[in-house]
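> Can you read through this structure? Questions will come right after.
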Amino acid sequence: MACRRVAVFPSSAELGPALARLVASRAAEAVGARGRFTLGLSGGSLVSMLGKELPALPDLDCSKWIVGFCDERLVPFGHPESTYGLYKNQLFSKINVPDSGILTIDASLLLHECAEDYARKLKEAFQAEDLPVFDLLLLGMGPDGHTCSLFPDQPVLQETEKIVAPVSNSPKPPPQRVTMTFPVVNAARCVAFVSTGGSKAAVLKEVLEGSEGPALPAARVAPSKGELFWLLDDPAAASLTIQVERPGAGAKL
């Protein structure tokens with residue numbers, strides 16, 4: 001089971017640079033150990049945070065990165081809901097990650113075909129017969145406790161065979177999506193949640209401090225052999241009673 005670390009920053013302005021340093025340090029470790037760095041991205045506020053902070057790092061070399069998406073909406077890349085489209089404009093245009101290293105869905109396919117095609121791309125990139133093992137997955141969490149496109153009470157939560165699953169009835173639009181499944185998420189070497197804002201305080205308390213009844217999807221993220229970070233700002237952490245870390249400015253996670 002993963003060793004969980006909960007780090008709280010005064011605001012997202014301090015959290016962002018710490019996240020960028022975490023990405024850079026895990027990238028350097030992975031390239032040194034395995035010759036490349038595999039990163040899984042989520043959408044939401046992470047897009048603008050990474051788009052601002054990663055290009056600001058000195059001497060960041062992304063030429064040996066492989067970038068995938070923890071989930072994606074089945075919309076054209078030019079659509080405002082396309083996670084890849086947002087990252088292309090806000091991050092990929094500013095760093096030197098090769099186009100061949102960015103693994104995208106084929107949005108022209110039907111939903112089930114799209115999920116199968118994306119699973120094939122992951123297996124080819126990782127040369128894996130079973131589970132791709134990402135060096136780092138960056139996750140967000142919705143106010144209902146969902147992460148990726150793994151929503152509460154949905155059948156996809158029970159998926160154990162597929163590495164990428166289709167979601168046809170997402171309670172949050174757009175309804176058609178593809179998502180990594182828990183087996184892939186929990187095989188990662190490192191998973192980092194980023195959650196900010198007071199609207200997340202109640203669900204964070206439930207996810208991190210436990211409750212009776214079924215665990216929310218975000219609470220089921222527990223890398224079997226890897227690290228698990230929760231990076232929060234003060235408003236999001238306001239209801240927590242567990243012990244947390246408060247890294248100083250420039251601290252390395």
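> Counting other beta carbons within 10 Å of each residue's own, what order do LEU122, LEU110 fall into, fewest first? Mind showing how you got there, number by number?
Working: LEU122 21, LEU110 11.
So the residues, fewest neighbours to most, are LEU110, LEU122.
> Mind ranking 172-178, 242-248, 214-220, 63-69 by how tightly packed they are, going by the mean number of other C-beta atoms within 10 angstrom, highest first?
Numbers: 172-178: 17.0, 242-248: 11.6, 214-220: 18.9, 63-69: 20.7.
Result, highest mean Cβ count within 10 Å first: 63-69, 214-220, 172-178, 242-248.
> List the GluC sites (Glu not before Pro) in the range 14-116 that DSSP assigns to loop (not H, G, I, E or B) and whose Cβ has at most 16 other Cβ atoms within 10 Å. Which are they?
Values: sites: GLU14, GLU29, GLU53, GLU72, GLU81, GLU113, GLU116; in loops: GLU81.
Of the GluC sites (Glu not before Pro), the ones in loops of the range 14-116 whose Cβ has at most 16 other Cβ atoms within 10 Å are GLU81.
> Considering only Cα-Cα distances, which of the following residue pairs are longer than 20 Å: LYS121/LYS162; LYS123/LYS172; LYS64/LYS94; LYS123/LYS162; LYS205/LYS225; LYS64/LYS121? Don't jump to the answer; show the numbers that get you there.
Values: LYS121/LYS162 13 Å; LYS123/LYS172 28 Å; LYS64/LYS94 15 Å; LYS123/LYS162 11 Å; LYS205/LYS225 24 Å; LYS64/LYS121 17 Å.
Pairs exceeding the cut-off: LYS123/LYS172; LYS205/LYS225.
> Report, ordered by chain and residue number, the aspartates and glutamates lying within cross-link reach of LYS252, taken as a straight Cα distance under 16 Å and ignoring same-chain residues fewer than 8 apart.
Hits, sequence-local ones excluded: GLU14, GLU29, GLU53, GLU227.
> For the chain, go through all pairs of different Cα atoms, get the mean of 1/r, take its inverse, and jot down that Kirkwood value in Å.
Values: mean 1/r = 0.0548 Å⁻¹.
Result for the chain stands at 18.3 Å.
> Would you mind checking which residues have amide H under 5 Å from PHE9's amide H? H placed 1.01 Å from N; only 5 or more apart, or other chain.
Excluding prolines and chain starts, which carry no amide H, the hits are LEU232, ASP233, ASP234.
> Give me the number: length gained by fully extending LYS172 to ASP130, i.e. 0.36 nm times residue separation minus the C-alpha to C-alpha distance, one decimal in nm.
So the extension gain works out to 12.1 nm.
Every number in this text was worked out from the coordinates using simple rules, so none of it is lab data. Quantities reported herein were computed from a predicted structural model and do not represent experimental measurements. Using ideal geometry, Cβ is built from the backbone for each residue, glycine included, and neighbour counts are taken over all protein chains shown.
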